[in-house]
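Report on one structure; see the data block that follows.
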Amino acid sequence: MHCTREAAESIVWVGGSDRRLSLFENLFPVPNGVSYNSYVILDEKTALIDTVDSSITELFLENLLHTLDGRTLDYLVVNHMEPDHCAVIGELAGRFPELKLVGNAKTAGLLTQFFGPGLAERTLLVKEGETLSLGAHTLRFLMAPMVHWPEVMMTYDETARLLFSADAFGTFGALDGKLFADEFDLEQEWLPEARRYYSNIVGKYGAQVQAVLKKAAGLDIQSICPLHGPVWREKLDWLLDKYGLWSSYQPEEKGVLVVYGSMYGSTARAADILAAQLSGAGVKNLAVYDVSTADVSALVAGAFRFSHLVLASPTYNGGIYPPMLNFLQDMKALNLQNRTVGLIENGSWAPVCGKQMSEMLEGMKNVTVLEPAVTIRSTLSPDSLAQLTRLGDSLLASLNEA
Ligand code: FEO
């Protein structure tokens, strides 16, 4: 049985949610599931905007066939060739022999890589700004390379003033019967998972997202239809503002993310003492995570959110504690910039990871490491506690700067 919703007049959402998936990309926990969105435009010609992941193929086909109500499918616009959106292309090409695919030159190459020969020849190749008329609806194609694969494009329905934005403006999380962002509590239900989605999936490509935001600024957009998460028909400025901050690597909030690794509790104790100093001084935007138990995607999201980070790590095999190293490598790979960082190292006989963490941070743009870096030998001593307090004072002074 179908389960569809109208996204706009003559535009029907035919996607679905997967709540059984535990790891998106076999990498990121999705405790609230994930949606795969696909949209049908019913006009003189019919067009489908992207397909879905293989996990919801059966539901998707029921949705699509119900919506078409006996009509054929004339066009499949392929905005993104990642398998969570392109899995059903081969099936549709077989069901609708006259179906034309719409994509760009890079789409055609990926079609062949994923589905073998045959589909690229059925592809109507489009370039930046070109249009396709469906009758009343005119679609304009806007290239969005690396948001988040090289072939990505967005499709602007000039008639409905609606932007099909591919992965951009998406989020983790099942839709739970809702379709529109204004049906969610944005701060509680949408923002944390959208930030985690953006920072981990698209975070590396801030410059490319900025380029897309510039293109979007020149359009009269009434709604944004992403490939994951809700459709936006209200508060577009709020959404674009978040994307503006994330893609320019500016923090959303003045605040401190404390991430510690600790084998026997001493480094954790130092992190808690520092956090208590900050909280006691009135810092409200403050979060403390154990790097061994928190998923690194949540840590990355916190790093994109807050202005200040504290990294506290034991020395391990003459280096950085492995999960902390993983977090640092992730931040670097995702191009995080413009942060102020405090460092705490622990080492019972050779504390060296503070220097190594500092060197990794030097490779990131506009990251300032505060003085003093704290060195703990096994457990906090009066001397290292005094260092820790001075680091707390430095953080407070930095937070209070304009
Ligand atoms: Fe949701 Fe880049 O795929």
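Scan segment 265-286 and report the pairs whose first residue is in contact (Cβ under 8 Å) with a residue 60 or more places away in the chain and within 13 Å of SER384 (Cβ to Cβ) and whose second residue is open to solvent by less than 30 Å² (accessible area, probe 1.4 Å) and in a helix (DSSP H, G or I), with Cβ atoms within less than 7 Å and a gap of 6+ or a chain change. From segment 265-286, the pairs are ALA270/LEU388; ILE273/LEU388; LEU274/LEU388; LEU274/LEU391; LEU274/GLY392. Only one of the numbered conditions (1) open to solvent by less than 10 Å² (accessible area, probe 1.4 Å); (2) under 24 Å from ASN32 (Cβ atoms) is not met by ARG195, and that is (1).
Within segment 43-55, the residues that satisfy the criterion of being buried (at least 21 other Cβ atoms within 10 Å of the Cβ) and either within 20 Å of GLU6 (Cβ to Cβ) or at pLDDT below 95 (or both) are THR46, ALA47, LEU48, ILE49, ASP50, THR51, VAL52.
Quick check on GLY170: is it small (Gly, Ala, Ser), modelled with pLDDT of 95 or more and either farther than 28 Å from ASN32 by Cβ or crowded, with 16+ Cβ neighbours inside 10 Å (or both)?
yes
Scan segment 363-376 and tell me whether some residue there is surrounded by fewer than 19 Cβ atoms within 10 Å (Cβ to Cβ), modelled with pLDDT under 95 and of a type outside the set (Lys, Arg). Scanning segment 363-376 turns up at least one residue that is surrounded by fewer than 19 Cβ atoms within 10 Å (Cβ to Cβ), modelled with pLDDT under 95 and of a type outside the set (Lys, Arg). Among the residues of this structure, GLY173 counts as one that is within 16 Å of the ligand (Cβ to nearest atom) and small (Gly, Ala, Ser). Among the residues making up segment 130-146, those that are part of a strand (DSSP E or B) and either over 28 Å from the mean Cα position of the chain (by Cα) or surrounded by fewer than 19 Cβ atoms within 10 Å (Cβ to Cβ) (or both) are THR131, LEU132, SER133, THR138, ARG140. In segment 20-42, of all residues being farther than 26 Å from ALA93 by Cα and out of contact with any Asp or Glu (no Cβ under 9 Å at 6 or more places or on another chain), the one that is most open to solvent (accessible area, probe 1.4 Å) corresponds to ARG20.
The values are calculated or read from the model by the stated rules, or taken from the named source; none is laboratory data. The structure presented is a predicted model; accordingly, all values stated were derived computationally and were not measured. Backbone-built Cβ (ideal geometry, glycine too); neighbour counts: all protein chains shown. The accessibility values were calculated without ligands, DNA or RNA, using every heavy atom of the protein model including side chains. Shrake-Rupley method; radii C 1.70, N 1.55, O 1.52, S 1.80 Å.
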